[in-house]
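The values are calculated or read from the model by the stated rules, or taken from the named source; none is laboratory data. Small disclaimer: the values here were computed from a predicted structure and weren't measured. Cβ sites come from the backbone with ideal geometry, for glycine too, and all protein chains shown count toward neighbours.
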Amino acid sequence: MEQIKAYDPKGIILSGGPCSVTAPDSPRAPQEIFTMGIPVFGICYGQQTMVTQLGGVVERGHAREFGRAFVTVRTHNALLDGVWDEGAKEQVWMSHGDRVTKLPDGFEITGASEGAPYAMIADNNRRFYAVQFHPEVVHTPHGAALLKNFTHKVCGCRGDWTMAAFRAESIAKIRKQVGTGKVICGLSGGVDSSVTAILLHEAIGDQLHCIYVDTGLMRKGESEQVVSLFRDHYNIPLIHEDAGSLFLQKLEGIFDPEQKRKIIGGLFIDVFDDCAKRIGGADFLAQGTLYPDVIESVSFTGGPSVTIKSHHNVGGLPARMNLKLVEPLRELFKDEVRALGTELGMHPDFVKRHPFPGPGLAIRIPGAITAEKLEILRKADAVYLEEIHNAGLYDEIWQAFAVLLPVKTVGVMGDERSYDYVCALRAVTSTDGMTADYYHFSHAFLSRISTRLINEVPGINRVVYDITSKPPGTIEWE
Ligand code: XMP
């Protein structure tokens, strides 16, 4: 509460979280925020704790609701101003098990869905608003407008944060933090680490040294592209370390997804450490950590998020090498990193590249990884992405990739029996990777890609399409 008072906020948003307010020791907001006279907006868990703390009731045991739902607007208020009209039925994104069953005094229902009769509630006098759904995700199409109404109209904020201001501020911060120190940065070929490196290069020039650890788990042609982009295009010196056979050897016979992630993360650190020693060590390590990485891999007891997956980063290095961290993108979401890349003059094709996970193709081959499977998957992935580019769909999709299943099925090709692997295709839309919906390809497109994959990629004789959203699925299969 001391910190909140010192910050002197214009309003407070209570966010969602994985706990249940019905569980003992689940988190609560400091009670005093409700008597400060400032607006409060509760989202999902935030709604439930707000209701509980103000004298209402939240219960467990109702049907869990995940994914798309529709809210019917009952009464108008400042939050809905210019966004949703009374009587309208609007798409929202739900992800909850508990729900409100009795309102605190002063509240009214402003909207309801089939699974959440208290989907939107408000106490207009105290300027308290709360929703069961998630306005912060793209699958609530008008959610950003609701949040803007809260911050701008209800709280009176201005919204003068721009990418140009962020760039200038970050550069000043990096210079202040680093001083005359030496910084190493691990490049992965993705947008995040590239934007980090380019921002750092702008801030500190040749105090920056980049290292690209080639895990052998990359897509077709990817390593060559990274090396040429940095060395030839940006003229940023780069160590290219080919460690493919080492990774493959250590991953032999490993089935468990978390174990795979940990082995890859650990090896990456070893190889990176060796490279760093070769350039004479460093004082700082730069990482392209984004806000979703921060949220999804942190786990506090009773705290915000459970560990969904151990994210691959160079987390163990700072302690081992006595390095301090530079993480200029730590508070940004992916769409903001892309905007920063554009602000830094990066080519649109590069900025728009689909995300690619640190553990690479290893987490797209459920079960044990072999060189043969990697080769099949690389070919399949390249054909799939080529078709998506040809159809002009690449920019509409957040991420598209092939997965090689550890299942062989029987087929018939040219009158011969075949017994080969199943390839699963995944394509999702999202803006931040936190939630996602599967992409609705036409059947004609899916048929074309299936035919091409089976004709052109030896080792595959069946193709399936993944139609799971996130939640309940994740984007990657492991
Ligand atoms: P999931 O599978 O958790 O993925 O829904 C969300 C986004 O994060 C990417 N991803 C990773 N990125 N290191 C990364 O740099 C990782 O270990 C990792 N795991 C998943 C994933 O591709 C998607 O864009």
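Odds and ends about this structure:
- Residue count for region 225-263 under the criterion of being of a type in the set (Phe, Trp, Tyr), under 14 Å from GLY189 (Cα atoms) and part of a helix (DSSP H, G or I): the result is 1.
- So GLY266, is it away from the ligand (no atom under 11 Å from the Cβ), on the phi > 0 side of the Ramachandran plot and either in contact with a strand residue (DSSP E or B) (Cβ under 7 Å, 6 or more places away or on another chain) or at pLDDT 75 or above (or both): no
- Qualifying residues in region 426-441 (those that are part of a loop (DSSP other than H, G, I, E, B) and of a type outside the set (Phe, Trp, Tyr)) - the one nearest to the ligand (Cβ to nearest atom): GLY433
- Test result for PRO366, within 15 Å of the ligand (Cβ to nearest atom), modelled with pLDDT under 95 and of a type outside the set (Ser, Thr, Tyr): no
- For the residues ALA29, ALA63, the requirement of being at pLDDT 95 or above, assigned to a loop (DSSP other than H, G, I, E, B) and more than 19 Å from PRO141 (Cα to Cα) singles out ALA29.
- With respect to being assigned to a helix (DSSP H, G or I), among the small types (Gly, Ala, Ser) and either in contact (Cβ under 8 Å) with a residue 24 or more places away in the chain or more than 16 Å from the ligand (Cβ to nearest atom) (or both), ALA382 fits the description.
- Of ALA164, ALA172, ALA168, all but one fail to be more than 16 Å from the ligand (Cβ to nearest atom), assigned to a helix (DSSP H, G or I) and under 24 Å from the mean Cα position of the chain (by Cα); the exception is ALA164.
- Residue satisfying condition, being more than 16 Å from the ligand (Cβ to nearest atom), under 16 Å from TYR438 (Cα atoms) and not small (Gly, Ala, Ser), within set LEU405, LEU393: LEU393
- Condition met for PRO359 (surrounded by fewer than 22 Cβ atoms within 10 Å (Cβ to Cβ) and under 20 Å from the mean Cα position of the chain (by Cα)): no
- Residues that are crowded, with 18+ Cβ neighbours inside 10 Å and at pLDDT below 95 were ranked within region 5-18; the one that is nearest to ILE38 (Cα to Cα) is GLY16.
- If the condition is being over 29 Å from TRP398 (Cα atoms), assigned to a loop (DSSP other than H, G, I, E, B) and either in contact (Cβ under 8 Å) with a residue 60 or more places away in the chain or not polar (S, T, N, Q) (or both), then region 116-151 contributes ALA116, PRO117, TYR118, ARG126, ARG127.
- Residue check, LEU453 touching a helix residue (DSSP H, G or I) at 6+ places or on another chain (Cβ under 8 Å), at pLDDT 95 or above and more than 11 Å from the ligand (Cβ to nearest atom): yes
- Answer residue from region 274-303, given it is crowded, with 16+ Cβ neighbours inside 10 Å and more than 16 Å from the ligand (Cβ to nearest atom) and is modelled with the lowest pLDDT among those: ALA276
- Of the residues examined, ALA382 is not one that is crowded, with 17+ Cβ neighbours inside 10 Å and farther than 16 Å from THR289 by Cβ.
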